[in-house]
Amino acid sequence: MSFNTFLIYLAVTAGTTYLVRVVPMLLVKKEIENKFILSFLYYMPYAVLSVMTIPAIFTATNYIASAVVGFGVAVFLALKNKSLTTVAIAACLGVLATELVITYLF
Amino acid sequence: MIKSAAFKQGIKDGIPICLGYLSVSFAFGIFCIEQGLTVLEALLISMTCVTSAGQLAAVPIMASCGSLIELALTQIIINLRYSLMSISLSQKLDETFNARRRCAISFMVTDEIFGVASSQDGKPPKEYFYGLMLTPWFGWATGTLVGAAAGNILPEIVITALAVAIYGMFVAIVVPPARDNRNVLYCVLTAIALSCIFAFVPFLKVVQSGFVIIICSVVASALFAYLKPIGEGERS
């Protein structure tokens, strides 16, 4: 990909992301009342993040086992309401520890 | 609040967000290099977009020279929640926020900044918003730069581990509401099932990742918006 091609992709990514943020800020004066739209917007972030995480996380590491451990650690700590940073770092440490064990013990 | 005091308070409140962004954007920087982007390209994406999930979805499309329509649709779908936050935040802005200033602060409407700004009493002065948004922006850009540049010198096993950071953050966002709300849980499980179908059924594997994200999340969300519309308590 040339740098000029990249700049086109960047403009589309930054532009659409910004429009999604700025248009409602400028236009919407009243609250949304449509229950279906409100409900759709309520569920959507969770659906999006889930789709992006599973199954992608299980192919993001060298071994499925380490990904399973990392994912398990993340779910466990998230259930305990730990912060985003804590969960993210702990998931990484879980993967690292498992990969070290697999690499050097087996 | 006096202007400079409000700005300082905003900076102060932005520090924990900044620290969280450092680790996640560090992983994003590494991810960009793995996907074949340059350090400068990774930095430019973070400086202009400031959306973790959106950027993570955009990079593979860029790297594979996917369609621009797919890229734009993916960003709109993934970042649509920012529209809701913008609507909500617009109620927190005082009369000094003209169109130009609204355009300026819209750039930094993120989950975390929205969360902190929403928790403020009344309508904070505009200087507070500026301070609150400045520190996380620097954290997001700096983390990406260091991750992309240092990703080359870190051991492979460490890079692999850090690649999971963003997924860990997503888990931390999804799991608590899924635990507390059965409808959210079933919606999430439906979305995951659809996602796995696209990943493992042979003739569906060819569908681009951006479209998979859009199709699965829209179908699951629309289904549950129809079957289980939210009540008053869930609107906030």
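General observations
- For the range B:194-207, the criterion of being touching a residue at least 24 places away in the same chain (Cβ under 8 Å) and over 30 Å from B:Thr96 (Cα atoms) is met by at least one residue.
- Looking only at the range B:66-76, residues that are surrounded by fewer than 24 Cβ atoms within 10 Å (Cβ to Cβ) and touching a Ser or Thr at 6+ places or on another chain (Cβ under 7 Å) come to 3 in all.
Listed here are the residues, each with its yes/no results for (1) among the hydroxyl-bearing types (Ser, Thr, Tyr); (2) without any contact (Cβ under 8 Å) to a residue 12 or more places away in the chain; (3) surrounded by 19 or more Cβ atoms within 10 Å (Cβ to Cβ); (4) at the interface with another protein chain (Cβ under 10 Å from one of its Cβ atoms).
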site	(1), (2), (3), (4)
B:Tyr82	yes, no, yes, yes
B:Met85	no, no, yes, yes
B:Leu89	no, no, yes, yes
B:Ile113	no, no, yes, no
B:Phe129	no, no, yes, no
B:Pro136	no, no, yes, no
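- Of all residues making up the range B:37-46, the number that are surrounded by fewer than 17 Cβ atoms within 10 Å (Cβ to Cβ) and in a helix (DSSP H, G or I): 1
- Taking chain A and the helices (runs of 4 or more DSSP H) fully enclosed by it, the elements with 2 or more residues that are crowded, with 21+ Cβ neighbours inside 10 Å, β-branched (Val, Ile, Thr) and at the interface with chain B (Cβ under 7 Å from one of its Cβ atoms) are at A:3-27, A:35-53, A:84-105.
- Residues of the range B:47-66 classified as facing chain A (nearest Cβ under 8 Å), in contact (Cβ under 8 Å) with a residue 40 or more places away in the chain and in a helix (DSSP H, G or I), total: 4
- Extreme residue, nearest to B:Gly20 (Cα to Cα), among residues of the range B:102-129 that are more than 22 Å from the chain's Cα centre (by Cα) and among the basic types (Lys, Arg): B:Lys126
- The set of residues in the range A:31-69 being at pLDDT below 85 and in contact with an Asp or Glu (Cβ under 9 Å, 6 or more places away or on another chain) consists of A:Leu38, A:Tyr42, A:Pro45.
- Scanning the range B:32-46 for residues being within 9 Å of chain A (Cβ to nearest Cβ) and not small (Gly, Ala, Ser) gives a total of 6.
- Filter result for the condition that a residue is surrounded by 16 or more Cβ atoms within 10 Å (Cβ to Cβ), farther than 19 Å from B:Gly66 by Cβ and modelled with pLDDT under 85, over B:Ile230, B:Ile192, B:Ile173, B:Ile214: B:Ile173
- All positions within the range B:172-230 that are among the β-branched types (Val, Ile, Thr), within 7 Å of chain A (Cβ to nearest Cβ) and more than 23 Å from A:Ala60 (Cβ to Cβ): B:Val184, B:Ile230
- Residue check, A:Phe36 free of Cβ contacts under 8 Å to residues at least 40 places away in the same chain and over 19 Å from the mean Cα position of the chain (by Cα): yes
- Set side by side, the residues B:Phe97, B:Phe31, B:Phe107 differ, and just one is farther than 26 Å from B:Ala148 by Cα and among the aromatic types (Phe, Trp, Tyr), which is B:Phe97.
The values are calculated or read from the model by the stated rules, or taken from the named source; none is laboratory data. Computed from a prediction, not measured in an experiment: that's the story for all the values here. Quick reminder, even Gly has a Cβ in these numbers, built from the backbone with ideal geometry, and neighbours come from all protein chains shown.
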